[in-house]
Every structure is written in C-alpha cells, then in structure tokens.
Amino acid sequence: EPEVTQTPSHQVTQMGQEVILRCVPISNHLYFYWYRQILGQKVEFLVSFYNNEISEKSEIFDDQFSVERPDGSNFTLKIRSTKLEDSAMYFCASNVAGPNTGELFFGEGSRLTVL
Amino acid sequence: GENVEQHPSTLSVQEGDSAVIKCTYSDSASNYFPWYKQELGKRPQLIIDIRSNVGEKKDQRIAVTLNKTAKHFSLHITETQPEDSAVYFCAAAGSTNAGKSTFGDGTTLTVKP
C-alpha cells in the first residue's frame, strides 16, 4: 500500500540553525500538508499546498517557515532559524483532492529537537 | 476560523464496555468530519469519517453520529478491547478555510483488561 514517507525521522539542531524536513507524498495525491504536534498535544495545522502554491497557512506558519516542491516527488518544510518552541513532531500529509474530500494520509513524522 | 472542541480529554473503560467521545465545531460550512486514532509514537490514522449529508455511519464496532443543527459529532466504540487504547482525534474540514482540517485536542482512551 502506498504511503507518505518522511526524512529524517529525528533531527537535533541548535537554536538559530536552519532545518529542512523532507516528505514524499503519495504519487497520485494533489494536496500536501504539514502539521505539527508538540509532545502530548493536539495536531496543529501549519500549511496546505496545492498546484505548486500555498493554499492556506496558519498563524504558526510565520516568515521563518517555507515550503517547496522542488521536483515532482518531494515536498519540503524549511525552518529558517529554529527556536526552542519549534521542538515538535512534524507530520507531512497528503490526499487526493482536498481536506474535505477524504482521508489525510500522514507520514511517520519527523521529530525535531531544538537545543 | 473553525474551532473544534473535544471531550473528554481522558477516558478509562473496562474491556467490553462502550466508549463515547464528543466533538463540537463552530463553522456551519464544515462538511467533512474524520476521526483519527494515534497510537503512542505513531502517525494519526483514519478510523472512520462522516459527511454532512449523513447522520450516522457504522463500521463494525465503531460508529460516528453527526448532528448538524447542534454542530456536534460523536465517536462510539462498542465492546472495547485493550488494543483500542490510543489517542483519538476528531477533525472538521470543508469550512470557509477550505485548505485545512482542524483537529480537536484529542482523547486518551485507556481500555483496562
């Protein structure tokens, strides 16, 4: 069964460093998302991406964050200058035709630890 | 924007009992309501969903009900088993903020053998 894959599974970085989290969505999916989950808390929406542009973003997704689809398969989240409060599990997700059309398929997550 | 509230935050039941988790949403334009199960250290995975043109949906031991007028929906798990122990999240999508699903805070369900 096809699945969303994410790398790295765990990254430790120093405050102020740039981090890039990578995702490969399911190949026939058109909508891509990043969510984050601080340990023990809810799943929070960061950004959705469709047709090579951001379709929606939350207030968490400030100027320090950016997303890119550099080629036909990868979908990346960049945090320009990490802060302690960026420590969380970051989930990539995709689905076929939009958030109200069916299941979000989540990757296994990338755990980011900012020291 | 959409706001989803979920109750209770924790729920402990004996094996074989039923469990009910409730969610309310704020945006009447939301039209898709999935439930995700997240086991410890794993990704959220869909267990059941319901659309706004349906009042109830059932899949074996799991059912979801939706009351559009009251803007609330509930997850019902019957004959609970220890492997049902996990965090359950409700979500709402399809509102005016069409690009996202909004999640509830989660319910930690513990099924005691």
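Net charge dipole, chain B: roughly 260 debye, given to the nearest 20, about the Cα centre with Cβ charges of +1 for Lys and Arg and -1 for Asp and Glu. Neighbour counts of other Cβ atoms within 10 Å put B:112, B:57 in the fewest-to-most order B:112, B:57.
Only the Cβ atoms of Lys and Arg (+1) and of Asp and Glu (-1) were treated as charged; on that basis the dipole of the range B:23-64 about its Cα centre amounts to roughly 180 debye.
Among B:38, B:80, B:109, which residue has its Cα furthest toward the positive end of the charge dipole of chain B, with +1 on Lys/Arg Cβ and -1 on Asp/Glu Cβ? Going by the Cα projections, it comes out as B:38. P(r) tail, chain B: Cα-Cα pairs separated by more than 26 Å, 14% of all pairs.
Would you order B:110, A:82 from fewest to most other beta-carbon atoms within 10 Å of each residue's own beta-carbon?
Lowest to highest Cβ neighbour count: B:110, A:82.
Put a plus charge on the Cβ of each Lys and Arg, a minus charge on the Cβ of each Asp and Glu, and nothing anywhere else: the dipole of the protein assembly as shown about its Cα centre is then about 100 debye. Look at the alpha carbon pairs under 8 Å that are at least 6 residues apart: their mean separation over the length of the range A:1-92 gives a relative contact order of 35 percent.
DSSP bridge analysis restricted to the protein assembly as shown gives an antiparallel fraction near 90%, rounded to the nearest 5. Of all DSSP-defined beta bridges confined to chain B, some 90% are antiparallel rather than parallel. Residues A:38, A:60 in ascending order of nearby Cβ atoms (within 10 Å, fewest first): A:38, A:60.
For the protein assembly as shown, lysine pairs separated by 8 or more sequence positions, or belonging to different chains, with Cα-Cα distances below 20 Å total 25.
Computed over chain A with a Gaussian network model linking Cα atoms closer than 10 Å, the most mobile of A:71, A:62, A:86 is A:71.
We did not get these values from a lab; they are worked out from the coordinates using the rules stated. Quick caveat, the model's predicted, so the values are computed rather than measured. Every residue, glycine as well, gets a Cβ built from its backbone with ideal geometry; the counts of neighbours run over all protein chains shown.
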